[in-house]
Structure formats: C-alpha cells, structure tokens
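Worksheet: one structure, shown below.
Read-outs: derived from the displayed coordinates by stated rules, not from any lab. Keep in mind that what you see is a predicted model, and the values were worked out from it rather than measured. Cβ coordinates were reconstructed from backbone atoms using ideal geometry, including for glycine residues, and neighbour counts include every protein chain displayed.
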Amino acid sequence: MVDRLSLVGLRFFTHIGCTAQERQVGQHLEMDLEFALDLRPAGQGDRIEDSLDYAAAAQAVKDAVERLEANLLETVAERAAAALLAWGAHDVTVRVRKPSPPMPGTHAAHAQVEIHRSRPPL
C-alpha cells in the first residue's frame with residue numbers, strides 16, 4: 001500500500017484562457033496536489049526530513065505557475081507536475097480547477113484537469 005499526502009484547494013493567480021481577454025485579466029485557479037510516498041518513517045520518527053515539506057512544495061508550484069501565461073489548464077498542470085518532480089517528488093497527481101469557465105449558453109461550477117506523473121526510474 002502507498003501512503004498519500006495531499007494539499008487541497010491551493011489558489012494561484014495566473015493568466016490563462018483561450019481568449020486574449022481572459023489572459024489579460026487573469027484569474028485564480030484552484031489546485032490539488034497529491035504525493036505518493038512512504039509516510040511510516042515520518043510517523044514513527046516525527047521528523048519533517050522523513051516526510052514532505054508541503055510548504056516548500058506549494059511554493060515550488062506557485063513559482064512555476066503564477067507568472068505563467070497559457071491557453072490551457074493542461075499546460076498549468078504539466079508545469080506544476082514538472083516543478084514538483086524537479087523539486088524531488090517521485091509520484092504526483094495534480095488537479096487544476098478553473099472556476100466558472102466561460103461557456104456561451106451554459107454554466108459549469110468549474111472545469112478540471114487531472115494528471116498523474118512520475119519520475120523515471122534511475
């Protein structure tokens with residue numbers, strides 16, 4: 001069994017959308033990050049060095065996406081996953097939600113993309 005550590009509902013401001021107006025104005029996106037790792041050493045030793053520093057992980061994602069201008073949520077998710085893998089995570093799930101996406105003639109609470117990425121084995 002694999003343990004999981006999650007950060008749910010992170011909010012980041014970025015410039016995203018398929019129209020120039022969306023990208024110019026910018027908007028908040030919500031993001032969930034999930035890490036697969038063995039949490040037994042941290043639980044037994046009560047040491048952050050045996051776990052994942054989720055504040056540092058959140059900062060790595062913030063640095064990767066807040067200055068981003070992109071058309072797609074998929075781009076935001078890929079950049080967030082790449083930042084986390086480069087930072088040292090081995091296996092991540094990234095969910096990115098765009099509240100109230102513009103869709104003429106209908107409404108959705110949010111649009112969401114979910115990706116799973118792993119570092120290649122050495």
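Each residue of region 42-54 is assigned a 3J(HN,Hα), and the resulting list reads 5, x, 7, x, 6, 10, 4, 4, 9, 10, 10, 7, 6 Hz, derived from the Karplus form 6.51 cos²θ - 1.76 cosθ + 1.60 (θ = phi - 60°), x at Gly and Pro. Each peptide among 65-75, 91-101 gets the average number of other Cβ atoms lying within 10 Å of its residues, and from highest to lowest they stand as 91-101, 65-75. All other residues whose Cβ lies under 14 angstrom from that of residue 12 are scored, Lys and Arg at +1 and Asp and Glu at -1, for a net of +2. Taking the empirical scaling 2.2 N^0.38 Å for compact globular proteins as reference, region 82-122 has a Cα radius of gyration ratio of 1.67. Phi-derived couplings, Karplus 6.51 cos²θ - 1.76 cosθ + 1.60 at θ = phi - 60°, listed residue by residue for region 56-62: 5, 5, 4, 5, 4, 5, 4 Hz, with x used for Gly and Pro. Remark on residue 17: its backbone amide H falls under 5 Å from those of 70, 71, 72, a criterion applied only to residues 5 or more positions apart or on other chains, H modelled at 1.01 Å from N. Residue by residue, region 70-78 carries 3J(HN,Hα) couplings of 8, 7, 10, 4, 4, 5, 4, 4, 4 Hz when phi is fed to the Karplus relation 6.51 cos²θ - 1.76 cosθ + 1.60 (θ = phi - 60°); x denotes Gly or Pro.
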